[in-house]
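The values are calculated or read from the model by the stated rules, or taken from the named source; none is laboratory data. Predicted model only: the values in this text are computed from it and were never measured. Every residue, glycine as well, gets a Cβ built from its backbone with ideal geometry; the counts of neighbours run over all protein chains shown.
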């Protein structure tokens, strides 16, 4: 199977699982919403009965924003003009690549979201691997079965990413970048060096995610019990099919870049008042849905590629996972069988 | 002046064995770049004039020079010593006062710089030459002193005890030879690669006042102070390198050793800075105005900013035009704009007739970079260059006036401009066109002031400010209270105050009291109370509406007298409402404010409150309910650190605003989670 075929197959599988997409969007929303409500309280409290609220409700007010920022901490400190429109995307990607510190509440929410996603990704991969509906009970049963394996894999991944961000990032952006650029007097040359550093660091991150992606896929498709074994198998697969896995990864990355560019072009600015508020927020949510789609596309296309290379489409070694019946239901079932005998 | 200086220089330099042109080597003049020497009427006392020859050796990063200082004692006391600034010694090691202060504000890593970054300056010879007498060598008597903090490791002030005092009005010549190592830029002077910006680079005499020498050590949060004079400077640099400097180039001579000597001259200035680099692009333009004298503008530009030349010229013209119209004409007829090399650390600094701007490779037009810094530094030609206050002690006088003037100029020319943030290591700008920048709060930098409002009384000598917060008090607070004064007195009055201050104190050294006296005089009001609040204290201003209530007029209890006395339950006729506003002074600062109550029928009621008490109640009865109330509705008091609480409405929109923005923030958070979803 070529990367392009796998990509198309991934699109087909994700398209065939709209509830999966809706569910994952809902999960992200459910984790983010409480924090949004908390921020809402902070903003409302600061504005109080002030007339300033009128201006803030109908547009933006740099003046009020600075005043709010001066007294904000934690979650409130993340509420800055850079959340507006496409600035939000730049803020997040730049913050990640530059390894900027996060507010504690945001770190907590991110960690919670990753744990929930880790839990659900077993069901997601199982659904996408089988390429047929697994129903809610099958989905959650698979999520439960793979969760502990993924948790163990996640511990290894966490350690690797910790090394990458805590040490390798410093090596690249402090020990290498700074001496290389310290005596440069031309900004665009320094920027070129920085872009090269991003590419280097990004490649390392991509390599790590590639290995962990295929580890998860092998754990699900091959019903592997060992997280370490799955990781080794994932690494072997990625290495032996380097061209295909990297090609597919780049296709997915290109899809992400395309989506981001489109959003950069169409992203509205700050919400103002009336219907336009909901229009702006609606466009933002469409972008978020598409981002989820891309995430599932990563899963789906990589799973399809692995299956195409090692087995056949929609192959999964384990039987469909079903939730065990209660003892009473089992006894009734056994009684039926006895009667039939 | 030049002829006399040239003659004295030739004699004295020959006397000490130094020479601009190495013996036996031929020199030729290749270019004359200025008009013939002109004798101009002195604009300033010209009591500290220098004739300097300096040679830059980029290979060793050394600067060696000879200077002949002609100094006249303009004080009323005899001088028994001479004091000189040796600024380059501030970066000799981490024990200097400058570095100690810097480490305090920036952390210990600020001192963790490689060997090649550090600098020094050594005076190798100092001789005093009096009229009719031979040179007296004081080299062996030189000593470092630390008049500000007694730091024995600080070598930024050099004292030379005189064999005989210099009487008031007497003039002496001082011939000084020195050598220095140019730092990797500290405090906007130094080098990176082949880019050199050389400021505070020569032994410079302090200012003798009636109370003694005003010659401070170099501090991390202050700038400079010097007397006016004429500067006749010859700078020898590698051939082909472009030079920009204070003044005008009068000649250029190629030396036999592959160098070129550039001759610059300027009268009536109190400092001399220069720059050299082989990389500069040179552009020229001319400022012309119906009522102001023309100014020749020379721009030394980094090649990667070639497309931004016009932006630099336009911003400089804006400063020359508006400062000229508002305060007084620029006095020199020429100005050099230096676009510093990236990472040179030399950007955003003023020197007489020359300043450094600062831009970026990616500089969106809807954001005022380089315009803000260009206008600010060009504006310093007025506040600092011409009106030359002591920046060690009263930096707010030039920095604050200039921040106010910059914001006002930007408002005239660059509207709208927007908030922008830089991403990816600061290289990639993104403009938020929904967030326009306002003069009143952004231009005057309210948020910066708010964060440090209580850190120092502004009247504290600047060098004694907390180094962490000095900028907020020096720049921001002054700009805010000047704008407050503008709103209080009207621009026409404030403009007259500032132009009177400019004309009265041009080419002099004013002090804060001089500015206050002009303000009182021109406005015809005693503004002492105002300056007591904003300048002589660190009080914070914060007025707010504590309570707004409106309800039908009713009463409960006994009404009437004697037999007519009856107990009445609440009753409301519905044809009269009592509206109550309680205004509170939350801060310590006191300022008279207006209180405005607007009723539902748009009727407006205003009260004037002296703002003295901690709170005050205002009350009216009208046939309609109140709609909203405001304290300081025109926002005269721009120093109010919390303006949100200055109003209260009975139909608050906070919930609607909070819902909208929390949902907008939700998208940011969702995108954030998905960005980290990369890892799972």
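Key figures for this structure:
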read-out: Residue among B:648, B:658, B:664 that is touching a residue at least 40 places away in the same chain (Cβ under 8 Å) and outside any loop (DSSP other than H, G, I, E, B); value: B:648
read-out: All positions within the range A:61-105 that are farther than 25 Å from residue B:446 by Cα, more than 19 Å from the chain's Cα centre (by Cα) and at the interface with another protein chain (Cβ under 8 Å from one of its Cβ atoms); value: A:85
read-out: Answer from A:57, A:69, A:53, A:44 - the residue that is part of a helix (DSSP H, G or I) and in contact (Cβ under 8 Å) with a residue 24 or more places away in the chain; value: A:57
read-out: Selection status of residue B:555, closer than 29 Å to residue A:71 by Cα and assigned to a loop (DSSP other than H, G, I, E, B); value: no
read-out: Residue in the range B:648-666 that is at the interface with chain A (Cβ under 7 Å from one of its Cβ atoms), modelled with pLDDT of 95 or more and touching a strand residue (DSSP E or B) at 6+ places or on another chain (Cβ under 8 Å) present; value: yes
read-out: All positions within the range B:508-518 that are in contact with a helix residue (DSSP H, G or I) (Cβ under 6 Å, 6 or more places away or on another chain) and over 23 Å from residue B:331 (Cβ atoms); value: B:516
read-out: Residue in the range B:155-178 that is at pLDDT 95 or above, buried (at least 20 other Cβ atoms within 10 Å of the Cβ) and outside any strand (DSSP E or B) present; value: yes
read-out: Residue B:122 vs. criteria in contact (Cβ under 8 Å) with a residue 12 or more places away in the chain, assigned to a loop (DSSP other than H, G, I, E, B) and in the same structural domain as residue B:84 (by TED's automatic domain parsing); value: no
read-out: Answer from A:163, A:120 - the residue that is modelled with pLDDT of 95 or more and surrounded by fewer than 17 Cβ atoms within 10 Å (Cβ to Cβ); value: A:163
read-out: Condition met for residue B:449 (farther than 30 Å from residue A:272 by Cα, buried (at least 19 other Cβ atoms within 10 Å of the Cβ) and either at pLDDT 95 or above or more than 10 Å from chain A (Cβ to nearest Cβ) (or both)); value: no
read-out: Residues of the range B:348-362 satisfying the condition of being touching a residue at least 24 places away in the same chain (Cβ under 8 Å) and touching a helix residue (DSSP H, G or I) at 6+ places or on another chain (Cβ under 7 Å); value: B:348, B:349, B:350, B:355, B:356, B:357, B:359, B:360, B:361
read-out: Residues located in the range B:263-303, provided they are in a strand (DSSP E or B) and within 14 Å of another protein chain (Cβ to nearest Cβ); value: B:275, B:276, B:277, B:281, B:300, B:301
read-out: Verdict on residue A:112 being more than 8 Å from every other protein chain (Cβ to nearest Cβ), surrounded by 15 or more Cβ atoms within 10 Å (Cβ to Cβ) and in contact (Cβ under 8 Å) with a residue 24 or more places away in the chain; value: no
read-out: Qualifying residue in the range B:317-333 (condition: within 26 Å of residue B:196 (Cα to Cα), away from every other protein chain (no Cβ under 14 Å) and in a strand (DSSP E or B)); value: no
read-out: Members of the range A:263-282 that are touching a helix residue (DSSP H, G or I) at 6+ places or on another chain (Cβ under 7 Å), part of a helix (DSSP H, G or I) and at the interface with another protein chain (Cβ under 9 Å from one of its Cβ atoms); value: A:277, A:281
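Conditions (1) surrounded by fewer than 20 Cβ atoms within 10 Å (Cβ to Cβ); (2) at pLDDT below 95; (3) in contact with a helix residue (DSSP H, G or I) (Cβ under 8 Å, 6 or more places away or on another chain), marked per residue:
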site	(1), (2), (3)
A:11	yes, no, yes
A:19	yes, no, no
A:24	no, no, yes
A:27	yes, no, yes
A:32	no, no, yes
A:37	yes, no, yes
A:40	no, no, yes
A:43	no, no, yes
